[in-house]
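For reference, the structure discussed in these notes is given below.
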Amino acid sequence: MPSSKLDWKSNENLPVGKGATVQEFIATVGHDKLEIGVTPWGEGHLKVNGRKIAHIKDAKDKRQAFRDLKGIAARYLREQALKPDSRRKSHMIPAAKAKLLEGKKGLVIGIANEQSIAWGCAKAFRALGAELAVTYLNDKAKKYVEPLARALEAPIMMPLDVRTPGQMEAVFERIKKDWGRLDFAMHSIAFSPKDALQGRVVDVSRDGFLTTMEVSCWTFMRMAHLAEPLMRKGGTLFTMTYYGSRMVV
């Protein structure tokens, strides 16, 4: 973002005027908070999200220090704009104080886009330190999942349509080849033919009902069957439910 769009404002929590030792200015760009601190004798620093990225100590006075640091801030933003993946990743994956899943390897099935429940879970797993394998439904979905997989730094990303014979097996073969083990797997997929979603439940066709159960339920059992040999020291399996199903039942 061009520096002309930066709206630098004085930090109201610090004193200003002749008696002030340090003056601080703050600007916000997207998710980034930029801070410039300058002294009357020409020393200053630039911080981004609390991390110091620049320090100067030989400016003529605080005005020159401020100008120089504004220029550094502008260059920083231009450089970051050329690296969208790294910036996107830092904003998409939340920070976690404790890496409770450090060293763990997991599979997440069901990411379709940024609105997916599976994506929210994957972000949490990654924030806690887990290494992830992810899948996408087909080529149409790949363009939405690929940038999310990059944000997760997922070393394994494979197609998986559970109605296509052999695709789930191929995913687990790849995990076995690359990792040799699996600590957890999450199943977050469901499907029902359009005609099975219309009308009354008691009027649903046999084929529509069986397709719904196969994709939404049986594939979780198939996933568990394939994951078990890779969980020699135990593991965890996740799937999704929906409150509405409990209310209907």
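The values are calculated or read from the model by the stated rules, or taken from the named source; none is laboratory data. Quantities reported herein were computed from a predicted structural model and do not represent experimental measurements. Please note: Cβ atoms are built from the backbone with ideal geometry, for glycine as well, and neighbour counts cover all protein chains shown. Just so you know, the surface numbers come from the protein's heavy atoms only, side chains and all, with ligands and any DNA or RNA stripped out. Shrake-Rupley method; radii C 1.70, N 1.55, O 1.52, S 1.80 Å.
Residue-wise test of (1) open to solvent by 40 Å² or more (accessible area, probe 1.4 Å); (2) under 17 Å from ILE72 (Cα atoms); (3) modelled with pLDDT of 85 or more.
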{"site": "MET1", "(1), (2), (3)": "yes, yes, no"}
{"site": "TRP8", "(1), (2), (3)": "yes, yes, yes"}
{"site": "ASN11", "(1), (2), (3)": "no, no, no"}
{"site": "LEU34", "(1), (2), (3)": "no, yes, yes"}
{"site": "GLY42", "(1), (2), (3)": "no, yes, yes"}
{"site": "LEU46", "(1), (2), (3)": "no, yes, yes"}
{"site": "ALA54", "(1), (2), (3)": "no, yes, yes"}
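So that you can scan it fast, the table gives a plain yes or no per residue for (1) within 19 Å of MET231 (Cβ to Cβ); (2) charged (D, E, K, R); (3) free of Cβ contacts under 8 Å to residues at least 40 places away in the same chain; (4) in contact with an Asp or Glu (Cβ under 9 Å, 6 or more places away or on another chain):
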site: LYS142; (1), (2), (3), (4): no, yes, yes, no
site: LEU148; (1), (2), (3), (4): no, no, no, yes
site: ALA151; (1), (2), (3), (4): no, no, no, yes
site: ALA154; (1), (2), (3), (4): no, no, yes, yes
site: PRO159; (1), (2), (3), (4): no, no, yes, yes
site: VAL162; (1), (2), (3), (4): no, no, no, yes
site: GLY166; (1), (2), (3), (4): no, no, yes, no
site: ILE175; (1), (2), (3), (4): yes, no, no, no
Checklist entry - Hey, which of the helices (runs of 4 or more DSSP H) in the range 133-249, taking only ones fully inside, have at least 2 residues that are of a type in the set (Ser, Thr, Tyr), within 20 Å of ALA112 (Cβ to Cβ) and out of contact with any Gly (no Cβ under 7 Å at 6 or more places or on another chain)? => result 206-213
Checklist entry - Out of all the residues in the range 186-193, is one or more more than 20 Å from THR135 (Cα to Cα) and touching a Ser or Thr at 6+ places or on another chain (Cβ under 9 Å)? => result yes
Checklist entry - From the residues in the range 92-116 that are closer than 20 Å to LYS143 by Cβ and either part of a helix (DSSP H, G or I) or touching a Gly at 6+ places or on another chain (Cβ under 7 Å) (or both), which one is modelled with the lowest pLDDT? => result MET92
Next on the checklist: Report every pair of residues separated by at least 6 positions or lying on different chains whose Cβ atoms are under 9 Å apart, first residue within the range 194-205 and loosely packed, with under 10 Cβ neighbours inside 10 Å, second hydrophobic (A, V, I, L, M, F, W, C) and in a helix (DSSP H, G or I).
Outcome noted: VAL201/VAL248
Checklist outcome for this item: Across the range 172-182, the tally of residues that are of a type outside the set (Phe, Trp, Tyr) and either open to solvent by 30 Å² or more (accessible area, probe 1.4 Å) or more than 17 Å from GLY103 (Cα to Cα) (or both) stands at 6
Checklist entry - If we scan the range 235-243, do we find a residue that is closer than 13 Å to ILE109 by Cα and either more than 23 Å from the chain's Cα centre (by Cα) or open to solvent by less than 20 Å² (accessible area, probe 1.4 Å) (or both)? => result no
